[in-house]
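Working notes for the structure below.
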There are 2 protein chains.
Amino acid sequence: MTSQPLINADRLWTRLMALAEIGATPAGGVNRQALSDGEIAAWRRVIGWAREADLTPSTDAAGNLFLTLAGCDRAAPPFLIGSHLDSQPTGGKFDGAAGVMAALEAVISLAEQGDAPARDIIVVAWMNEEGSRFAPGMMGSEAFTGERDMDAIRAARDADGVSVGEALDRFHEAFPVMPHRPLGFAASAYLELHIEQGPLLEAAGCTIGVVTGIQGKKTFQVVVEGAEGHAGTLAQRERRDALAAFARMASALHAEIGTIDAEIKFTIGRVVVVPNAPSVVPSRVSFSIDLRHPDNAVLDAAGVRIAILCQENAAPCMVTVTPLVNAPSNAFDSRLRASIAEAAREQGHSAMEILSAAGHDARHLAKIFPAAMIFIPCRDGASHVEHEWAEPDHVAAGASVLAQVLRGLAFAPAIET
Amino acid sequence: MTSQPLINADRLWTRLMALAEIGATPAGGVNRQALSDGEIAAWRRVIGWAREADLTPSTDAAGNLFLTLAGCDRAAPPFLIGSHLDSQPTGGKFDGAAGVMAALEAVISLAEQGDAPARDIIVVAWMNEEGSRFAPGMMGSEAFTGERDMDAIRAARDADGVSVGEALDRFHEAFPVMPHRPLGFAASAYLELHIEQGPLLEAAGCTIGVVTGIQGKKTFQVVVEGAEGHAGTLAQRERRDALAAFARMASALHAEIGTIDAEIKFTIGRVVVVPNAPSVVPSRVSFSIDLRHPDNAVLDAAGVRIAILCQENAAPCMVTVTPLVNAPSNAFDSRLRASIAEAAREQGHSAMEILSAAGHDARHLAKIFPAAMIFIPCRDGASHVEHEWAEPDHVAAGASVLAQVLRGLAFAPAIET
């Protein structure tokens, strides 16, 4: 038996679906990439709902969105909850958006009960979690925690040559009167709800995942440099064909790294060929590598082998392997995890501990204050796809557990780290 | 000792360089793809020069440009000379343009001598020789000879989804008063001057290449279909990663087909990955194959193996291999070849017989009336690159030989096939 949810489930679902209209794709998904017009429209809609409940919007130099419900003690470190509003180019309705909307609904529901919380509660939407338009992702949370320099973030460019800096300035211009907070601040805790993006909760018939930590992740950008030539005239032996070298590398990487064990995840997701014309020998291939594993030792060893395999298969081309993300696996705050498990039990939802296979902004926040995550199931474990789906009951259950944890902790003193 | 050229070498070079300003790239090359604004501008400039010499422009349903110098007998089959005005995206100043401008200069020089030719002489610029924007290339000449249906040609689309039909209608609208000829007509002969796009003339110190024929060519479009998924959560064993399958195919193809013998040319020049995001397992990879060899038996056997290697490496994805171009090697008209060799000797230019490694529109015209080609050297054999270069003396020599052959034949009865 589950108890009455602490939030308004219908309002939450209706708003989540309304948000999914922004950047909606014909196949039922969402294309709302970081700092796009779609994300501007999503901000406007979310800010509108927040204002109705007396939450105050603000932003920072990294383009993060903060929606603050004032607490009794404005000087106490606030309680931070949220996720992200950007999507993959062929993403779904829930990845990121479910977490922001569940957080907003939890705060609004608490506010409707009348009592102000002991401290400020801030709903946050982090900038560019996905990293599909501007690589690598999680720029907003990494800027917030100081892990990445704003100059380096602003310098990254999308496929059309637009820099994060240009896109960010344009984004801020769309919200001219919104106050800017200094980048980064102390918080008492960070909580994030997210769809699992894997099949484990569904397979176990569990509604709530108490996330123990996030598997480690490394990403690389690899550039193969050869020489352009005419496909009909340049003899094979005189070619420095960047695509041929890439094919050898990618084949060797998949064969070795992709088969290390059952837990390894190895992906070459993005490939750009220059000049990419049928009758021209390619001069340049750049590609992305995404590598994940829960064991940091396996991850490190695989990272070394990736560089070696690229070099071994490069000749007669040149190859450069640039590490981008190096995020070891982590463990979330034990007291927050216990609070989530306790709230799920009290509300009658089945719950289990689960390791996050995907990366999340919570990984970065966990380095500077107590953080944890709540997972809800998604159909067939499918995410980063247009048919991504979470059941309305599961969204409501997750938001209700989030609201209970929030009510328990935002009225209490800060957790000691 | 070379004799005085039959053409105005300075005018030819000046105009060729002026033409290269249209679509000029920062690195000194030309990006003037088929049916682009750049090609419209190139037509305007070339038509302007043609009108000054009383040549009359016309076009056809395939977007070919014809510039006619009227002969004494308007009913006799005309003499056709030319090449193409479109370029690769990172092409050079000479590929195609040198042939059109040499043809125009030869006709203008003859016209300036006062006597009208026995038959019409028509300078032609064929539509979409390169095939980089719309694949496959040589659409204009194949439509002219009836080898490809106009409906099929009009249905092909570029990377932005624009069809040839849409681009062609827009192109024709840019020249509203230009007469349209019926598609295809009988001609007494076709001659085309082109840079060699290979190193043989330069290595031999020869100025004029008498082209014996064109090596055979096959092209294919291959589509690998897998399933999209989250790079961090979907287990390797459950993936249908289209990029991983492509890497195996491309690696196997390069290893086997690319090493058949010293004469084989095998190129994967264009690769499109969907959705092409760093943290999404690719669902679809489509790629082009360009295969060339002077021996049709080798070409046919390699074509069979390509389909087999793609199938063998596809699982757990699906693969579709679609043949596009199937052009066997051919031999050009022996009487035209003899006329070219004779003109070179009379003018004192070193000449040699040479097989064309690259494909040209002349391949198609040769099927319906006598055809031949004149090659001139290009630096380091480099073509389809921005630093492509031909010496002014070589351009002038080629145009002068072209003019002499034209003078000899356009005043004479048609060659018997």
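The values are calculated or read from the model by the stated rules, or taken from the named source; none is laboratory data. Note that the structure is a prediction, hence the values are computed from the model and not measured. Backbone-built Cβ (ideal geometry, glycine too); neighbour counts: all protein chains shown.
Before moving on, here are some points about what is shown:
- Which listed residue is assigned by TED's automatic domain parsing to the domain that holds A:ALA397, within 16 Å of the chain's Cα centre (by Cα) and on the phi > 0 side of the Ramachandran plot, from A:GLY131, A:GLY146, A:GLY91, A:GLY114: A:GLY131
- Total residues in the stretch B:133-154, condition more than 14 Å from chain A (Cβ to nearest Cβ) and not in a loop (DSSP other than H, G, I, E, B): 11
- A residue that is closer than 27 Å to B:ASP149 by Cα, within 20 Å of the chain's Cα centre (by Cα) and in contact (Cβ under 8 Å) with a residue 40 or more places away in the chain cannot be found anywhere in the stretch B:9-29.
- Tallying residues that are surrounded by fewer than 18 Cβ atoms within 10 Å (Cβ to Cβ) and either assigned to a strand (DSSP E or B) or in contact with a Pro (Cβ under 9 Å, 6 or more places away or on another chain) (or both) within the stretch A:309-323 yields 4.
- Selection within the stretch B:351-378: residues that are surrounded by fewer than 24 Cβ atoms within 10 Å (Cβ to Cβ) and within 14 Å of chain A (Cβ to nearest Cβ). The member of this set that is farthest from B:GLY184 (Cα to Cα) is B:ILE354.
- The single condition among (1) at pLDDT 95 or above; (2) under 23 Å from B:ASP380 (Cα atoms) that B:THR90 does not meet is (1).
- Inspection of the stretch B:261-269 identifies at least one residue that is closer than 30 Å to B:PHE375 by Cβ, in a strand (DSSP E or B), outside the structural domain of B:GLY71 (by TED's automatic domain parsing) and touching a residue at least 40 places away in the same chain (Cβ under 8 Å).
- Selected residue (criterion: farthest from B:SER188 (Cα to Cα)) from residues of the stretch B:379-406 that are within 14 Å of chain A (Cβ to nearest Cβ) and in a helix (DSSP H, G or I): B:ASP380
- Whichever residue in the stretch B:204-215 is surrounded by fewer than 23 Cβ atoms within 10 Å (Cβ to Cβ) and either within 12 Å of chain A (Cβ to nearest Cβ) or of a type outside the set (A, V, I, L, M) (or both) and, among such residues, is nearest to B:ARG292 (Cα to Cα): B:GLY213
- Residue among B:LEU200, B:LEU243, B:LEU234 that is within 11 Å of chain A (Cβ to nearest Cβ) and within 23 Å of A:ALA277 (Cα to Cα): B:LEU243
- Among the conditions (1) among the β-branched types (Val, Ile, Thr); (2) in the same structural domain as B:HIS387 (by TED's automatic domain parsing); (3) over 23 Å from B:GLU129 (Cβ atoms), the only one that B:VAL107 does not satisfy is (3).
- Exactly one residue out of A:VAL222, A:VAL272, A:VAL280 is in contact (Cβ under 8 Å) with a residue 60 or more places away in the chain and facing chain B (nearest Cβ under 9 Å), and it is A:VAL272.
- Residue match in the stretch B:250-261 (condition: over 30 Å from A:CYS378 (Cβ atoms), away from chain A (no Cβ under 11 Å) and either buried (at least 24 other Cβ atoms within 10 Å of the Cβ) or charged (D, E, K, R) (or both)): yes
- Verdict on A:GLY348 being surrounded by fewer than 15 Cβ atoms within 10 Å (Cβ to Cβ) and touching a residue at least 40 places away in the same chain (Cβ under 8 Å): yes
- B:LEU336 vs. criteria in contact with a Ser or Thr (Cβ under 6 Å, 6 or more places away or on another chain) and either hydrophobic (A, V, I, L, M, F, W, C) or surrounded by fewer than 19 Cβ atoms within 10 Å (Cβ to Cβ) (or both): no
- Complete set of residues in the stretch B:44-60 that are surrounded by fewer than 18 Cβ atoms within 10 Å (Cβ to Cβ) and more than 20 Å from B:GLY23 (Cβ to Cβ): B:ARG51, B:GLU52, B:ALA53, B:ASP54, B:THR56, B:SER58
- Options B:HIS364, B:HIS360: the member that is in contact with an Asp or Glu (Cβ under 7 Å, 6 or more places away or on another chain) and part of a helix (DSSP H, G or I): B:HIS364
- Meets criteria (more than 16 Å from the chain's Cα centre (by Cα), over 13 Å from B:ILE81 (Cβ atoms), assigned by TED's automatic domain parsing to the domain that holds B:GLU129 and not hydroxyl-bearing (Ser, Thr, Tyr)) for B:ARG337: yes
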